[in-house]
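The values are calculated or read from the model by the stated rules, or taken from the named source; none is laboratory data. This is a predicted model, so every value here is computed, not measured. Cβ sites come from the backbone with ideal geometry, for glycine too, and all protein chains shown count toward neighbours.
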Amino acid sequence: MTDRYVYDLSEGSAEMKPLLGGKGAGVAEMKRLGVPVPDGFTVTTEACVDTMTRKGEWPEDLESQVWDGLKRLEERTGRVLGDDKKPLLVSVRSGAVISMPGMMDTILNLGISDDTVEAIAKEAGNERFAWDCYRRFIQMYGEVVEGIDAHIYEDALTALKEKKGVESDTDLSADDLKGLVDTFKKLSNEQLGGNWTTDPREQLMRAVDAVFRSWLNPRAFVYRKANKIPDDLGTAVNVMQMVFGNRGDTSATGVCFTRNPATGEKELYGEFLVNAQGEDVVAGIRTPRSLAEMEEVLPEAYHDLIDTMKKMESHYRDMQDMEFTVENGKLYLLQTRNGKRTAAAALKVARDLVDEGVITKEEALMRIEPAQLDQLLHEAIDPDHSEQPVAEGLPASPGAAVGEAVFDADVAAERGAKGEKVVLIRFETTPDDIHGVIVSQGVLTAHGGMTSHAAVVARGMGKPCVAGARGIKIDAKAATLTIGDTVIHEGDMITLDGSTGEVFASGLKLIPPQINADFQEVLSWADEIRRLGVEANADNATDAAKARELGAEGIGLCRTEHMFFGADRLPAMHEMITADTPEERQAAVDKILPMQQDDFEGIFTAMKGLPVTVRLLDPPLHEFLPNLVEQSLKVQKMENQGADAGELDKERRLLAQVKKLHEQNPMLGTRGCRLGMLYPEIPDMQARAIIRAVLSVLKKEGETVQIHIMIPLVFTPIELETHRRIVQQAIDEEFESAGTKVDVKIGTMIELPRAALVADKIAEVADFFSFGTNDLTQTTLGISRDDAENGFLTEYLRTKVLKDNPFASIDQEGVGQLVAGAVEKGRKTNPELSVGVCGEHGGDPDSIHFFNKTGLDYVSCSPFRVPIARFAAAQAVI
Ligand code: ADP
Ligand code: MG
Ligand code: MG
């Protein structure tokens, strides 16, 4: 049995999306519902995949199946490809399963040739129209299929316009265009060394093949990588009869959304152009008109379009993004899909659709990309400034961007990758710029509308974008942007406001984002549904307050290292480390205690009523000590200068300690609880500072926190037992002298493979576990997380030795197994054990799914990830 590679339009439906791609399935579904669409057929994604596996060679049956599909289309339409009386013209459109806007190339007007052009002119009663289609076809086909440089054609067109003294393409006459076709053909043939194809049937085959190949475009890889789309899905190819928006003043083409994709508002949203063909709107070659104006120009088609929009939205129960063409007053739909939208719009649409009774809360939650919510957590321009905008464009993607002006996508990519803040400025963006867009703070274009490539891509990525800024002059070669008298050079600061379209010729101050009522409402649904608790990692009162504001139900990780490193504290640490007697050591540590207590009080006040997990000191010992070389030099210098004997002795003792404690591999050295095992004064002091702060907040505020004390980097129960003893004794003494007590839980981090493996034994002496998945990943994979991304890890990700960065998304197969095993073991010996996670992974949606499945009680992440974690935790249950 041979595979079926070709389906007629009437055979498809929305459900067949994996096979027919989004576009093919969408058009088929419209046909099924009686919406007018041009006839056609679809070559399946499987055909593309099979061709890729055969290194570009078509599977045996494919060609004959395409011919059969074409034949059936010819019969249905009563037209024949390449026929000189009733010629069929088609478009060849790529159609991936997951929409990749602008990534794959479409060829329009295929079938036009020297043999057919006259018939087309005659049928349309419009000579100019036919030659216009012809020259467009040669250019598109030449570029997309034969890889001819676009400049070859554009230069010829510009030269012709100059010669004729006209501004716009539409001012060229039929004869002009006829001459242009000749020029284009000659140029194309030259470029291909005489191998230019003129036979439409051969062109069709080559076009189908070009669509297959376009799946392997470098820019398609970049887009897929950025959007986590698998590389092995392949694209379908749609061959559809052409309808013509460029047949004159009663023809048009456009795009529309059933709701505003920037705000979510239920209002008319779209753009159209009279007497134009598809790509003209998206490419931003002419600036389109707003859809509302279509009612006057083409009333009948307009009303049909509005009806169809309503129909499709209620059918898909979601906001639709549609393409249409009007040919001689008659409306055709060419595409519909769930519209990409900003996070703000996603929330508004979700909330409205629930209010309208169209979808359930659960469905609404599933439609929101947790990662997309990042957008709302984006900064805006601080309104408190007196700067005047130097230009204004379309507010194409919200949020504010500040950075240095860059005029080339490669330069942006290079500098952005180094962590520099750049704003990409282009006349218009093309899919080839995508690698630059990804790392830019925002994008500014001089050309194109709300649906231009730059706008669509930026919205999808949550990048601020100002599109079509009028009156700005971009000279990419000289790397300058000129607006009136203002000239911005590469490297100059610039600020964009993607929410208003304003451009400022300086770096303005940004303010943190605000979370609106839609956000709050939808988050409250997430809270009703999720099972996992969501806490935050916060080390100071400001972060703690922010976390609480964003809905954190506690602090899952409060690190205490900074409480030792302050200029006022480090000398005391040196004293402690170099002390000869326990008394000396205690005296040194006692100096730090009140400062720590103060730090804790701030945090506890912000979090009163909620649980706070404080981790005792964790960093490697050497971080408290001066550098070996520097300290040697210092001592040498003091010796040479004959310094004070007492001072010199102090520095010498410090040097001796530095030498003694020097470690080749400090991350696997004296850190975490190992420090406390050597210097029990530290956990003792920290426990006292914590308890004093807890009690002081209780006294001042009438309420305090539920305190959890967490011991890091344990691998044997003995370490935890030892710490428990030290900490418990300090706690008891503090309670006794205060005459009050509160409940205190003592637990540990599980961040070493051995700890996970003996979790049952550790759980016997722990009230809780918190998985420190950063260290657990580092130690399980044996990859230093501080170095990995500079080196082989990047290469591993590129070559897919690893699918995801294990520090960003938990390695479920390996590290995940340790987590799951430890949860099970721990709960066996201690059914009361509470279990959470506090690594970077606590804010990663995929990891959150895993933690939910594994039965953890809560995740803890950075304050700004909290809303995202709340969403993801709800989605994990649905
Ligand atoms: P993309 O994925 O880049 O949007 P499309 O295949 O949707 O590519 O097509 C590009 C443009 O050409 C769109 O504006 C579309 O509406 C138009 N188009 C595609 N097929 C036809 C057709 N058969 N008749 C008229 N216009 C078409
Ligand atoms: Mg399209
Ligand atoms: Mg750790």
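Annotations for the structure displayed:
Matching residues to (1) within 16 Å of ligand 3 (Cβ to nearest atom); (2) within 21 Å of Ile592 (Cβ to Cβ); (3) aromatic (Phe, Trp, Tyr):
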position: Glu681; (1), (2), (3): no, yes, no
position: Arg688; (1), (2), (3): no, yes, no
position: Ala693; (1), (2), (3): no, yes, no
position: Ile707; (1), (2), (3): no, yes, no
position: Pro712; (1), (2), (3): yes, yes, no
position: Glu719; (1), (2), (3): yes, no, no
position: Arg725; (1), (2), (3): no, no, no
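- Candidates Ala276, Ala301 - the one that is under 30 Å from Val144 (Cα atoms), touching a residue at least 24 places away in the same chain (Cβ under 8 Å) and within 16 Å of ligand 1 (Cβ to nearest atom): Ala276
- Failed item, numbered, when Ser99 is tested on (1) within 14 Å of ligand 1 (Cβ to nearest atom); (2) buried (at least 16 other Cβ atoms within 10 Å of the Cβ); (3) more than 30 Å from Ile434 (Cβ to Cβ): (3)
- The range 744-763 residues that are closer than 19 Å to Ile783 by Cα, paired with ones that are among the aliphatic types (A, V, I, L, M) and within 16 Å of ligand 2 (Cβ to nearest atom) (beta carbon under 8 Å, 6 or more apart): none
- Selected residue (criterion: farthest from ligand 1 (Cβ to nearest atom)) from residues of the range 765-778 that are surrounded by fewer than 24 Cβ atoms within 10 Å (Cβ to Cβ) and in a loop (DSSP other than H, G, I, E, B): Val765
- In the set Thr45, Thr53, only one residue is away from ligand 1 (no atom under 16 Å from the Cβ) and either under 14 Å from Val97 (Cβ atoms) or surrounded by fewer than 24 Cβ atoms within 10 Å (Cβ to Cβ) (or both); that residue is Thr53.
- Taking residues in the range 480-504 that are in contact (Cβ under 8 Å) with a residue 24 or more places away in the chain and crowded, with 20+ Cβ neighbours inside 10 Å, and partners anywhere that are among the aromatic types (Phe, Trp, Tyr) and part of a strand (DSSP E or B), the pairs with Cβ atoms closer than 9 Å and at least 6 places apart or on different chains are Ile494/Phe504; Thr495/Phe504; Leu496/Phe504; Asp497/Phe504.
- Residue that is within 35 Å of the chain's Cα centre (by Cα) and touching a residue at least 12 places away in the same chain (Cβ under 8 Å), where the choices are Glu57, Glu29, Glu74, Glu63: Glu29
- Filter result (surrounded by 24 or more Cβ atoms within 10 Å (Cβ to Cβ), part of a helix (DSSP H, G or I) and at pLDDT 95 or above) within the range 827-868: Ser847, Ile848, Phe851
- Criterion: charged (D, E, K, R), under 27 Å from Ala350 (Cα atoms) and either within 16 Å of ligand 3 (Cβ to nearest atom) or in a helix (DSSP H, G or I) (or both) - qualifying residue of Asp321, Asp280, Asp304: Asp304
- The condition of being of a type in the set (D, E, K, R), under 30 Å from Ala364 (Cβ atoms) and touching a Phe, Trp or Tyr at 6+ places or on another chain (Cβ under 9 Å) holds for only one of Asp307, Asp321, that being Asp321.
- Residue satisfying all of: in the range 1-49; farther than 18 Å from Thr235 by Cα and at pLDDT below 95; nearest to ligand 2 (Cβ to nearest atom) among these: Thr2
- Residue match in the range 115-138 (condition: crowded, with 18+ Cβ neighbours inside 10 Å, closer than 18 Å to Phe212 by Cα and modelled with pLDDT of 95 or more): no
- The range 114-216 holds helices (runs of 4 or more DSSP H) entirely within its bounds, and those carrying 2 or more residues that are farther than 19 Å from Val237 by Cβ map to 117-124, 127-144, 150-164, 174-191.
- For Glu703, the conditions (1) touching a Gly at 6+ places or on another chain (Cβ under 7 Å); (2) within 30 Å of Thr780 (Cα to Cα); (3) surrounded by fewer than 22 Cβ atoms within 10 Å (Cβ to Cβ) all hold with the exception of (2).
- Conditions (1) closer than 25 Å to Val144 by Cα; (2) surrounded by 23 or more Cβ atoms within 10 Å (Cβ to Cβ); (3) within 11 Å of ligand 1 (Cβ to nearest atom): number failed by Ser251: (1)
- Annotation: of all residues in the range 535-584 being small (Gly, Ala, Ser) and part of a loop (DSSP other than H, G, I, E, B), the one that is farthest from Glu840 (Cα to Cα) is Ala579.
- Within the range 780-826, the set of residues being under 13 Å from Gly839 (Cβ atoms) and modelled with pLDDT of 95 or more comprises Thr780, Ile810, Asp811, Val815, Gly816, Leu818, Val819.
- Among the residues of the range 657-676, those identified as away from ligand 3 (no atom under 16 Å from the Cβ) and either in contact (Cβ under 8 Å) with a residue 12 or more places away in the chain or among the hydroxyl-bearing types (Ser, Thr, Tyr) (or both) are Gln657, Val658, Lys659, Leu661, His662, Glu663.
- Selection within the range 512-543 - under 27 Å from Phe850 (Cβ atoms) and in contact with a strand residue (DSSP E or B) (Cβ under 7 Å, 6 or more places away or on another chain): Leu532, Gly533, Val534, Glu535, Ala536, Asn537, Ala538, Asp539
- Yes/no for Asp105 being surrounded by fewer than 18 Cβ atoms within 10 Å (Cβ to Cβ) and either closer than 19 Å to Leu204 by Cα or more than 47 Å from the chain's Cα centre (by Cα) (or both): no
- Within the option set Ile762, Ile690, Ile711, being closer than 19 Å to Glu601 by Cβ, modelled with pLDDT of 95 or more and surrounded by 24 or more Cβ atoms within 10 Å (Cβ to Cβ) holds for one residue only, Ile690.
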